[in-house]
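> Please find one structure pasted underneath; my questions will follow.
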Amino acid sequence: MDAETVAGQVVPPDTQLARDVLAGMRDIPDFPEEGVVFKDFTPVLLDRALRDRIVTDTVDRRRGQVDVVAGIEARGFILGSMVAHALGVGFVPVRKGGKLPAAVHSQSYTLEYGTATLEIHQDAVSHHERVLVVDDVLATGGTLAATCELIERCGASVAAIELVLEIEALGGRGRLGGYDLHCLTSV
């Protein structure tokens, strides 16, 4: 995509992508509980062209740097599998507790509205594999920190983390200081 001119200013393509993503998302107040404003990514998934631009942006940045992609349940599954396909690498699901059938590593964590547990198959990634973690939103960072812990417990390394949106006020980036982290946009 070429740069465009807005109000006499040249807007780089990545900035326009960020604007388009923000315009495509919707806020759902009081979900999953009162006081939480859920950033709903599903309208972006309906827009094939926008979704493809997000995947292309990630693939262009990470090509040749990763051996496998890990997607976090549930929207991370969608984006992560598309990125893995485009990169020509495998895909690993990181699931909520109790959903995987074989031996797992488990990690509990806190999030902005409670606690949860994530799991990964113990044989999902091999020692020394470089894993790209993909998800939609960075909030408190608990989900991503737990995912990184699980990948490292398997003996692999987290090559990078790719996200679409960061909710800066929740400070999640602070829990992920040692990782190469890219968010397409933030609020």
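> Please report, in debye to the nearest 20, how large the charge dipole of the range 93-154 is about its Cα centre when each Lys and Arg carries +1 at its beta carbon and each Asp and Glu carries -1 there. Please report the intermediate quantities before stating the final value.
Values: 5 positive and 8 negative charges, 31 e Å.
Here the size comes out at about 140 debye.
> Calculate the dipole size of the chain relative to its Cα centre from +1 charges on Lys and Arg beta carbons and -1 charges on Asp and Glu beta carbons; express the result in debye to the nearest 20.
On the way: 17 positive and 27 negative charges, 73 e Å.
Computed about the Cα centre, the dipole is about 360 debye.
> Mind jotting down the distance between the C-alpha centroids of the range 90-135 and the range 45-79, whole Å?
18 Å
> Please report the carbon-and-sulfur percent of the accessible area for the chain; probe 1.4 Å, protein heavy atoms only, DNA, RNA and ligands left out.
Details: 4510 of 9100 Å².
Using a 1.4 Å probe with all protein chains present, the chain comes out at 50 percent carbon and sulfur.
> Given the chain, what percent of its DSSP beta bridges are antiparallel, to the nearest 5? Could the numbers behind the result be given before it?
Numbers: 17 of 39 bridges.
The answer is about 45 percent antiparallel.
> Related question: Along the range 71-78, what does the Karplus equation 6.51 cos²θ - 1.76 cosθ + 1.60 (θ = phi - 60°) give for ³J(HN,Hα), rounded to whole Hz, x for Gly and Pro?
x, 8, 4, 10, 5, x, 4, 5
> So how do 37-50, 55-68, 128-141 stack up, highest first, on mean other-Cβ count within 10 Å? Don't skip to the answer; put the middle values down first.
Details: 37-50: 14.6, 55-68: 16.8, 128-141: 22.4.
In descending order of packing, they fall as 128-141, 55-68, 37-50.
> What is the set of long-range amide H partners of residue 186 at a cut-off below 5 Å, with H atoms built 1.01 Å from backbone N?
HN-HN under 5 Å from residue 186: 166.
> Per-residue HN-Hα couplings for the range 122-138, Karplus 6.51 cos²θ - 1.76 cosθ + 1.60 at θ = phi - 60°, whole Hz, x for Gly and Pro?
Values, residue by residue: 4, 9, 5, 10, 9, 3, 6, 6, 9, 10, 9, 8, 10, 8, 8, 10, 9 Hz.
> About the Cα centre, and with charges only on the beta carbon of Lys, Arg (+1) and Asp, Glu (-1), how big is the dipole of the range 108-187? Nearest 20 debye, please. All intermediate terms of the calculation are to be shown ahead of the outcome.
Details: 4 positive and 12 negative charges, 34 e Å.
So the magnitude is around 160 debye.
> If amide H atoms are built 1.01 Å from N in the plane of the peptide, which residues on other chains or at least 5 residues away come under 5 Å of the amide H of residue 70?
Those qualifying (amide H under 5 Å, at least 5 residues apart or on another chain) are 92, 132, 133, 134.
> On a 0 to 90° scale, report how tilted helix 13-24 is relative to the longest principal axis of the chain, with both axes built from alpha carbons and the result rounded to the nearest 10.
80 degrees
> Rounded, prolate or oblate: pick one for the range 115-163, where a ≥ b ≥ c are the square roots of the eigenvalues of its C-alpha gyration tensor, a/c under 1.5 means rounded, and failing that, prolate if a/b is larger than b/c, else oblate. Mind dumping the intermediate values first?
Numbers: a/c = 2.46, a/b = 1.42, b/c = 1.73.
Judged from the Cα gyration tensor, the range 115-163 comes out oblate (a/c at least 1.5, b/c at or above a/b).
> Based on the alpha-carbon gyration tensor of the chain and its eigenvalue square roots a ≥ b ≥ c, which shape applies: rounded if a/c is under 1.5, prolate if not and a/b is larger than b/c, or oblate?
Working: a/c = 1.93, a/b = 1.32, b/c = 1.47.
Judged from the Cα gyration tensor, the chain comes out oblate (a/c at least 1.5, b/c at or above a/b).
> Here's a follow-up. From the phi angles alone, apply the Karplus equation (6.51, -1.76, 1.60; θ = phi - 60°) to the range 80-92 and give each ³J(HN,Hα) in whole Hz, x where the residue is Gly or Pro.
Result, ordered by residue: x, 5, 5, 5, 4, 4, 5, 7, x, 10, x, 10, 10 Hz.
> Rolling a 1.4 Å sphere over the protein heavy atoms, what is the accessible area per residue of the range 123-187, to the nearest Å²? Let's see the in-between values first.
On the way: 2450 Å² over 65 residues.
Per residue, the range 123-187 has an accessible area of 38 Å².
> Still on this structure: Taking amide H positions as placed in the peptide plane 1.01 Å from N, state which residues far from residue 100 in sequence (5 or more) or on other chains have amide H under 5 Å from it.
Those qualifying (amide H under 5 Å, at least 5 residues apart or on another chain) number zero.
> How much length, in nm to one decimal, is gained on full extension between residue 42 and residue 115, taken as 0.36 nm per residue of separation minus their Cα-Cα distance?
Numbers: separation 73, 0.36 × 73 = 26.28 nm, distance 2.33 nm.
Length gained between residue 42 and residue 115: 23.9 nm.
The values are calculated or read from the model by the stated rules, or taken from the named source; none is laboratory data. Please read all numbers here as calculations on a predicted model, not as lab measurements. We place every Cβ from the backbone using ideal geometry, glycine too, and count neighbours over all the protein chains shown. Ligands, DNA and RNA are excluded from the accessible area calculation, which covers all protein heavy atoms including side chains. Shrake-Rupley method; radii C 1.70, N 1.55, O 1.52, S 1.80 Å.
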